[in-house]
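Report on the following structure.
The values are calculated or read from the model by the stated rules, or taken from the named source; none is laboratory data. The structure displayed is predicted, hence computed values, not measured ones. Heads up, the Cβs are rebuilt from the backbone with ideal geometry, glycines too, and the neighbour counts pull from every protein chain shown.
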Amino acid sequence: MSHANPWPSYVTRSTGQESQTLLYALLATQKFDEISNAEDFSAVQRHIIAQGKASADESGILRTRFGVVFWVYPTGLYGPFRNTEEGEIKEHGLLLTVEPGASVEEAVTRAREALQEGIIVQEHVSA
């Protein structure tokens with residue numbers, strides 16, 4: 001069996017809420033940048049461009065040169081979770097993973113579609 005991209009690229013996928021324990025473990029490391037969806041995801045776009053060292057390909061499509069991984073959260077909620085005054089934990093975040101060579105526009109669109117309040121999910125953007 002031959003694949004255009006090497007392992008693990010051809011087996012990656014978005015997990016949504018399927019891997020909550022892994023998402024919580026990653027969140028507990030506090031090692032990921034946390035970017036809000038400010039200005040209709042402009043902050044997310046800027047982060048992908050800067051961290052992924054994005055540049056235009058021969059077709060003019062802006063693509064990452066390096067992979068990017070970070071948390072996206074709704075503006076005003078300060079990170080992927082918060083403690084309420086009632087002592088509850090409210091989740092609201094997206095772990096966005098972007099491969100080298102992925103379209104910046106697609107990554108932003110996928111982030112916009114996947115981010116929801118009340119849950120933590122993961123979304124993967126392939127090249």
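Residues of region 81-100 being in a loop (DSSP other than H, G, I, E, B) and at pLDDT below 90, which ones?
Of all residues in region 81-100, those in a loop (DSSP other than H, G, I, E, B) come to 84-88, 92, 99-100.
T84, E85, G87, E88, H92, listed by residue number.
Could you grab me the full set of residues in region 72-92 that are of a type in the set (F, W, Y) and under 17 Å from Q20 (Cα atoms)? Steps first, answer last, please.
First pass over region 72-92, keeping only residues of a type in the set (F, W, Y): 73, 78, 81.
Selection gives Y73, F81.
Give the residue that is farthest from E58 (Cα to Cα), with candidates limited to residues of region 91-107 that are surrounded by fewer than 22 Cβ atoms within 10 Å (Cβ to Cβ) and out of contact with any Leu (no Cβ under 6 Å at 6 or more places or on another chain). Give the derivation first.
So the first thing to find is which residues in region 91-107 are surrounded by fewer than 22 Cβ atoms within 10 Å (Cβ to Cβ), and the list is 91-92, 97, 99-101, 103, 105-106.
From what is left, the residues that are out of contact with any Leu (no Cβ under 6 Å at 6 or more places or on another chain) are 91, 97, 99-101, 103, 105-106.
On the way: E91: 40, T97: 24, E99: 18, P100: 16, G101: 12, S103: 13, E105: 16, E106: 17 Å.
Residue satisfying both the conditions and the ranking: E91.
Out of all the residues in region 107-121, which are part of a helix (DSSP H, G or I) and in contact with a strand residue (DSSP E or B) (Cβ under 6 Å, 6 or more places away or on another chain)? It would help to see each step written out before you state the result.
Filtering region 107-121 for residues part of a helix (DSSP H, G or I) gives 107-114.
Scanning region 107-121 gives A107, R110, A111, A114.
Is there any pair linking a residue in region 107-127 that is farther than 23 Å from A25 by Cα to one that is part of a helix (DSSP H, G or I) and of a type outside the set (A, V, I, L, M), with Cβ under 6 Å and at least six apart or on different chains, and which?
Every condition considered, the pairs that remain are V108/F41; V108/Q45; R112/F41.
Please verify whether region 64-83 includes one or more residues that are on the phi > 0 side of the Ramachandran plot, surrounded by fewer than 12 Cβ atoms within 10 Å (Cβ to Cβ) and small (G, A, S).
Scanning region 64-83, I find at least one residue that is on the phi > 0 side of the Ramachandran plot, surrounded by fewer than 12 Cβ atoms within 10 Å (Cβ to Cβ) and small (G, A, S), so the answer is yes.
Take the conditions surrounded by 11 or more Cβ atoms within 10 Å (Cβ to Cβ), at pLDDT below 85, under 14 Å from the mean Cα position of the chain (by Cα) and under 17 Å from T109 (Cα atoms) and apply them to G52. Does it pass? Even if it seems obvious, please write down each step before you answer.
Working: surrounded by 11 or more Cβ atoms within 10 Å (Cβ to Cβ): yes; at pLDDT below 85: no; under 14 Å from the mean Cα position of the chain (by Cα): yes; under 17 Å from T109 (Cα atoms): yes.
No; evaluated as a whole, the condition is false for this residue.
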